[in-house]
1. So, in the range 169-193, exactly how many residues are without any contact (Cβ under 8 Å) to a residue 12 or more places away in the chain and in a helix (DSSP H, G or I)?
2. Residues Leu121, Leu116: which one is aliphatic (A, V, I, L, M) and assigned to a loop (DSSP other than H, G, I, E, B)?
3. What number of residues within the range 91-107 are touching a residue at least 40 places away in the same chain (Cβ under 8 Å), in contact with a Gly (Cβ under 9 Å, 6 or more places away or on another chain) and surrounded by 16 or more Cβ atoms within 10 Å (Cβ to Cβ)?
4. Residue check: is Leu151 surrounded by fewer than 19 Cβ atoms within 10 Å (Cβ to Cβ) and either in contact (Cβ under 8 Å) with a residue 60 or more places away in the chain or under 14 Å from the mean Cα position of the chain (by Cα) (or both)?
5. Can you tell me which residues in the range 1-19 are in contact (Cβ under 8 Å) with a residue 60 or more places away in the chain and part of a helix (DSSP H, G or I)?
6. Which residue out of Leu88, Leu163, Leu131 is in contact with a Cys (Cβ under 6 Å, 6 or more places away or on another chain), part of a helix (DSSP H, G or I), in contact (Cβ under 8 Å) with a residue 40 or more places away in the chain and not small (Gly, Ala, Ser)?
7. Would you point out the residue of the range 48-68, among those that are surrounded by 11 or more Cβ atoms within 10 Å (Cβ to Cβ) and free of Cβ contacts under 8 Å to residues at least 60 places away in the same chain, that is nearest to Val162 (Cα to Cα)?
8. Mind listing whichever residues of the range 17-38 are surrounded by fewer than 14 Cβ atoms within 10 Å (Cβ to Cβ), modelled with pLDDT of 80 or more and not β-branched (Val, Ile, Thr)?
Amino acid sequence: MALVAIILFILFVLIGRTIIHYKLTGTSGVKLTLDSFSSRSFSVYSTLVTIGWWGIVLLSIFEFIGEFHPLFNFGLTGIIVGWSFVLLGISFAVTAQYQMGKSWRYIGSKSDDADLITHGLFQYCRNPIYLGGLIFFDGIIILLPHYLTLLFVIFIYIAIEVLVRYEEEPHLKEIHGEVYNKYCRKVRRFMFY
């Protein structure tokens, strides 16, 4: 069940948005530079998100083929709640990506020409795409309840915090200056903190 959710996430949040961005702009939205890879925080992010993501993917595949079993069985309620989180997370991320329009860039990509988006979901949360991803992974924990799932999701949570705090926010402060600082004072990073 978790494997189907991961496939939907890949199709809609990762691949789908890249295709739409390409149709809008003629570029994929991926603008990685050597500077992106040389920073310590991006290296930490990359390591943690790789371990977390592939850990969850492998657990989901092993569950699908019957080689891995959840520690708890939440029954139909768990399926409904888990899928509600998964679909809410995907919807949240895709909506925020759409609201970014041509300013959207793939994770870790830096651009000096992107507008600061403050409308739509961005008026409530500075990082609604990541928040959608975090909600999605909460759903995965419910669909595949095991301490390993929780551990891999914690890696992803930490990775996103590192990326946002030490890569994206300093870059946005650099290109948008006081406008971004005012936005930060008004709107929280992930809605609740």
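The values are calculated or read from the model by the stated rules, or taken from the named source; none is laboratory data. None of these values were measured; they are calculated from a predicted model. Glycine gets a Cβ as well: all are built from the backbone with ideal geometry, and neighbour counts include every protein chain shown.
1. First, pick out the residues of the range 169-193 that are without any contact (Cβ under 8 Å) to a residue 12 or more places away in the chain: 170, 173-174, 177-178, 181-182, 185-186, 192-193.
From what's left, in a helix (DSSP H, G or I): 170, 173-174, 178, 181-182, 185-186.
Residues that pass the stated criteria total 8.
2. Details: Leu121 fails: assigned to a loop (DSSP other than H, G, I, E, B).
Among Leu121, Leu116, only Leu116 is aliphatic (A, V, I, L, M) and assigned to a loop (DSSP other than H, G, I, E, B).
3. 6
4. Working: surrounded by fewer than 19 Cβ atoms within 10 Å (Cβ to Cβ): yes; either in contact (Cβ under 8 Å) with a residue 60 or more places away in the chain or under 14 Å from the mean Cα position of the chain (by Cα) (or both): yes.
Here the answer is yes, as Leu151 does meet what is asked.
5. Taking the range 1-19 first, the residues in contact (Cβ under 8 Å) with a residue 60 or more places away in the chain are 1-3, 5-6, 8-9, 12-13, 16-18.
Those that are in contact (Cβ under 8 Å) with a residue 60 or more places away in the chain and part of a helix (DSSP H, G or I): Ala2, Leu3, Ala5, Ile6, Leu8, Phe9, Phe12, Val13, Gly16, Arg17, Thr18.
6. On the way: Leu88 fails: in contact with a Cys (Cβ under 6 Å, 6 or more places away or on another chain); Leu163 fails: in contact with a Cys (Cβ under 6 Å, 6 or more places away or on another chain).
Testing whether each residue is in contact with a Cys (Cβ under 6 Å, 6 or more places away or on another chain), part of a helix (DSSP H, G or I), in contact (Cβ under 8 Å) with a residue 40 or more places away in the chain and not small (Gly, Ala, Ser) leaves just Leu131.
7. Per the stated criteria, the residue is Thr50.
8. If the condition is that a residue be surrounded by fewer than 14 Cβ atoms within 10 Å (Cβ to Cβ), modelled with pLDDT of 80 or more and not β-branched (Val, Ile, Thr), then Tyr22, Lys23, Leu24, Gly26 are the ones that fit.
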